[in-house]
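A short worksheet on the structure shown next.
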Amino acid sequence: MSQEKRSSFTGKIGFVLAAAGSAVGLGNIWRFPYLAAKYGGGIFLLVYILLAVTFGFALMIAEIAIGRKTGLSAIGAFKLLNKKFSFLGWLAAIIPAIILPYYSVIGGWVAKYLWSFISGGAFQTANDTYFGNFISQTGEPISWFILFIGITALIVLCGVEKGIEKVSKIMMPVLVVLSLFIAIYSVCLPGASEGVKYYLLPDFSRFSATTVLAALGQLFYSMSLAMGIMITYGSYMKKEVSLEASVTQIEIFDTGIAFLAGMMIIPAVFVFSGGTPEALGKGPSLMFVTLPKVFESMTGGTVVGALFFILVFFAALTSSISLMETVVSIVCDKCKVKRGVSCLIVFIFSVALGLLSTLGYGIWSEVKIIGLQFLDFFDFISNSVLMPVVAFFTSIFVGYVIKPKTIADEVEISGKFKRKALFEVVIKYLAPVCIILILVSSVLDAFGIFKI
Ligand code: TRP
């Protein structure tokens, strides 16, 4: 791994766009709005933004700096810096393997909706029961899931990353413009103001440890943190590009798209389904149930909807490609197999895990693990348990083993480190203490042992 000459991004824009391309995906458009709706709207948004500028900032700086300093990806990087911490690289590497299968299940749902919009069945999707009926079948969701992960595997196998990167540079700006347009339309719908208030004004009585944990999990997920991705990206980064400025831009980009997605969806929930806790707590199905209604009410909604789902499909595909690429390259390195074989292993493993997630909404809906369906369970384990654990150890590692100065020195190669004091406080004290408290309380909560 370390012997080969590392390719590097051409400059700052190249780096920021590539990292933002990895960050922006279903996490922003599908996951963020349903969590925000479920966990109290404004209070979730506020907690999320506060966490992004403190935890998110500190962790992303640390991960990218570790990558740039060592020139290695997670497993090698932790090992090089301190042998005792090589377990951390491994722990981080398991996470994308858990996310990829269920990510592709959702990707399959997006593909199905895209197809409905293109093939003239757009407005059936606006029917209340459409989504529930679709995911509870057996054959259809499985076919779409396998199609999605099959396309991902093919692209990873051919390694046409260059083409994908070029296309995403065009698609991403289009996605921003379209999101802005749909969000403005949503906000202007009659009756939307209640939803806008719910989304923007925090209600402090809804604050709890679970809100913070959900927001923290979402932050890691959305910014591709705590799973070694940003370490790998950092290892491709040139020394003269400003680390701090890049991190700020990636965060603004990622949070901006998530914010807009909430603006598209949450006011529309109030308009079409009322702001009942039931409608707001829909979870993973929220985007699929609410957005088609927005498109149905819009002149030219079929075209706008089709365009929208093409872009979401694309954002999901670029993310699933990098998720799979991460897993495939680890299997290649560690099992000493060829790329093709590794792709096949990862494909089979993901189909098996993904099948649990699809069937969990259909014939196996009775099967629950700690009260969760398979998809929600995988999501919970990766985002609410493993990622906080990795983030905790990373902050201990940086704060007390290699010391914040190592990171600060790396950042200062490319300019002044303006928020150095903030970085130190967060990584040494705030992050470890808060993550442990939140993690313990929420895991106990999930098992029903202790309620906050
Ligand atoms: N951040 C991506 C999103 O918001 C999902 C994701 C998580 C991801 N981890 C990743 C993408 C690693 C690529 C690589 O949807």
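The values are calculated or read from the model by the stated rules, or taken from the named source; none is laboratory data. Treat the numbers as computed from the prediction; the structure is a model and nothing was measured. Cβ: placed from backbone, ideal geometry, glycine included. Neighbour counts: every protein chain shown.
Okay, here's what the table says:
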{"quantity": "Hey, residue 319 within 20 Å of the chain's Cα centre (by Cα) and within 20 Å of residue 145 (Cβ to Cβ) or not", "calculated": "yes"}
{"quantity": "Checking residue 230 against (1) over 30 Å from residue 70 (Cα atoms); (2) touching a residue at least 24 places away in the same chain (Cβ under 8 Å); (3) part of a helix (DSSP H, G or I), the condition it does not meet", "calculated": "(1)"}
{"quantity": "Pairs with Cβ under 8 Å, 6+ apart, first in the stretch 314-326 and within 8 Å of the ligand (Cβ to nearest atom), second β-branched (Val, Ile, Thr) and not in a helix (DSSP H, G or I)", "calculated": "315/24; 319/24"}
{"quantity": "Those residues of the stretch 72-96 which are hydrophobic (A, V, I, L, M, F, W, C) and not in a helix (DSSP H, G or I), in sequence order", "calculated": "72"}
{"quantity": "Some residue of the stretch 396-406 being assigned to a helix (DSSP H, G or I), away from the ligand (no atom under 16 Å from the Cβ) and free of Cβ contacts under 8 Å to residues at least 24 places away in the same chain", "calculated": "yes"}
{"quantity": "Matching entry among 61, 99, 43 (being in a helix (DSSP H, G or I) and within 16 Å of the ligand (Cβ to nearest atom))", "calculated": "99"}
{"quantity": "Identity of the residue in the stretch 198-227, in contact with a Pro (Cβ under 9 Å, 6 or more places away or on another chain) and assigned to a helix (DSSP H, G or I), that ends up surrounded by the fewest Cβ atoms within 10 Å (Cβ to Cβ)", "calculated": "198"}
{"quantity": "Selection status of residue 135, closer than 22 Å to residue 363 by Cβ and at pLDDT 95 or above", "calculated": "no"}
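Yes/no per residue for (1) within 14 Å of the chain's Cα centre (by Cα); (2) within 12 Å of the ligand (Cβ to nearest atom); (3) at pLDDT 90 or above:
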site	(1), (2), (3)
13	no, no, no
18	no, yes, no
57	no, no, yes
79	no, no, yes
